[in-house]
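> Please see the structure below; I have some questions.
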Amino acid sequence: MKDEIYTKQNFLIAIILGLLVNSIFLILKKNILLSIAAFFSIVFLFFAYIKIKKSFKETGRIRKIESVFPDFLQLMSSNLRAGMTIDRALMLSSRPEFSPLDEEILKTAKDIATSKNIEASFLDLSKRIGSEKIKKTILLIIAGIKAGGDIAILLQETSTRLRERELIEKKAYTNVIMYVVFIFLIVSIFAPSLFSLSNILVEMLTKLLSGIPKVETSVTMPFTLSKINVSLEFIKYFSIFFIVVIDLLSSFVLGLITKGSEKEGLKYFPAIFILSIITFFGSRILLKRFLEGLI
């Protein structure tokens, strides 16, 4: 019910924003096609923003659960060694500091208390959490239980291995930090500077070639210098478009390197994009003044 209300609210906000932008374009540009395109663009961008925001929220929840999962396993192992039943051990392992995992633990404990199979209850737990790492961990625990292993020892060993894996991942991140810095500098500083240089060179060549008088000759030359027919505005917007594309793809690469997921890199995109645009226009102004002073 809440999801339906939330969806309807978002749809209403998207329509209002779309109509507002549509009206602005219609008043300023007096172009119906452009205003319609602006309306659908705003609606699409709004829902894309909502989708990305929801995805980030879910990813944050999963990462928080993954960080406290080893502590939960260790606590449950201690409770089992103290002679508690599995459902009781789960109940007492549900602590506020494990939030949002504590709610899922209580659901699992209630399932087991109502005579539900332990393996099935743990599988349901992994499905509700939605983490591939936790799913693999629970499958290993279930395999150990089926093989006749002691649950308390299995949980303790699994918790230790998860902590060791976490340390290895942190060490791996420190090893790739130089690659992250290198990619960041390339896409936010060097690439925009090269695009601005190409813009200035084309602009200067256009001015130089437009001043060359036409000379009629009967001799066929291997090449001729003529006026450049490409618009300077087109070249500028073409460069900005490619900067945006490069920044977006680079942010995906950074997310994959740092967090192991491409969508995690979207949070780097605004910073990279803003720095790239500032670099592009800033270096464009500086290079234009410098090169014009030489000619």
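> Hey, how many Å between the Cα centroid of the range 254-285 and the Cα centroid of the range 16-61?
Cα centroid of the range 254-285 versus Cα centroid of the range 16-61: 22 Å apart.
> Quick one: what are the phi-derived ³J(HN,Hα) couplings along the range 109-120, Karplus 6.51/-1.76/1.60 with θ = phi - 60°, whole Hz, x for glycine and proline?
Using θ = phi - 60°, the values come out as 4, 5, 4, 5, 5, 8, 6, 7, 4, 4, 4, 5 Hz.
> Between Ser261 and Ser41, what FRET efficiency follows from the Cβ-Cβ distance if R0 is 25 Å, with the result rounded to 0.05?
On the way: r = 27 Å, r/R0 = 1.09.
Plugging the Cβ-Cβ distance into 1/(1 + (r/R0)^6) gives 0.40.
> Something else now. Lysines within cross-link reach of Lys288: Cα-Cα under 30 Å, excluding same-chain residues under 8 positions apart?
Straight-line reach from Lys288, under 30 Å: Lys207, Lys214, Lys227, Lys236.
> What residue among Ala143, Ala109, Leu125 has its Cα farthest toward the positive end of the dipole of the range 8-149, where the charges are +1 on Lys, Arg and -1 on Asp, Glu, each on the Cβ?
The residue sitting most towards the positive pole is Leu125.
> Would you indicate which of [x] 20.1, 76; [y] 29.9, 105; [z] 27.2, 103 is the value of Rg and Dmax of the Cα atoms in Å derived from the coordinates of this structure?
[y]
> In debye to the nearest 20, how big a dipole does the chain give about its Cα centre with +1 on each Lys and Arg Cβ and -1 on each Asp and Glu Cβ? It would help to have the intermediate numbers written out before the result.
Details: 38 positive and 26 negative charges, 92 e Å.
Roughly 440 debye for the chain.
> In degrees, nearest 10, range 0 to 90: what is the angle between the Cα axis of helix 2-29 and the longest Cα principal axis of the chain?
The angle comes out near 10 degrees.
> In whole Hz and in residue order, list the ³J(HN,Hα) couplings for the range 171-186 that follow from phi through the Karplus curve 6.51 cos²θ - 1.76 cosθ + 1.60, θ = phi - 60°; x for Gly and Pro.
Listing the rounded values in order: 5, 5, 5, 5, 6, 9, 4, 5, 5, 4, 4, 4, 4, 4, 5, 4 Hz.
> Along the positive direction of the dipole of the chain (beta-carbon charges: Lys, Arg +1; Asp, Glu -1; about the Cα centre), which of Ala152, Ile5, Ser23 reaches farthest?
Ser23
> While we're here: Per-residue counts of other Cβ atoms within 10 Å, averaged by peptide: what ranking do you get for 160-167, 185-192, 143-150, highest first? Don't skip to the end; give the middle numbers.
Working: 160-167: 13.2, 185-192: 18.1, 143-150: 11.8.
By packing density, highest mean first, the sequence is 185-192, 160-167, 143-150.
> Report, to the nearest 10°, how far helix 269-294 tilts away from the longest principal axis of the Cα atoms in the chain, using its own Cα long axis and a range of 0 to 90°.
Its long axis makes an angle of about 20 degrees.
> Modelled label-to-label distance, Leu17 and Tyr173, 7 Å Cα→beta-carbon offset: nm?
3.0
> Against the longest principal axis of the chain, how steep is helix 232-258, in degrees 0 to 90 to the nearest 10, with axes from Cα atoms?
Approximately 20 degrees, to the nearest 10.
> Turning to a different aspect of this structure: Which of the residue pairs Lys51/Lys133; Lys54/Lys133; Lys110/Lys170 have a Cα-Cα distance greater than 30 Å in the structure shown? Mind showing how you got there, number by number?
Values: Lys51/Lys133 23 Å; Lys54/Lys133 20 Å; Lys110/Lys170 36 Å.
From the list (Lys51/Lys133; Lys54/Lys133; Lys110/Lys170), the Cα-Cα distance tops 30 Å for Lys110/Lys170.
> Could you work out [θ]222 nm for the chain from helices alone, using -39500 (n - 2.57) per DSSP H run of at least four and dividing by all its residues? Round to the nearest 500 deg cm²/dmol.
On the way: 10 runs with 234 residues, N = 295.
It lands at -28000 deg cm²/dmol.
Readers should treat all values here as calculations from the given coordinates under stated rules, not as data from a laboratory. These figures come from a predicted structure and were not determined experimentally. Virtual Cβ from ideal backbone geometry, glycine too; neighbours counted across all protein chains shown.
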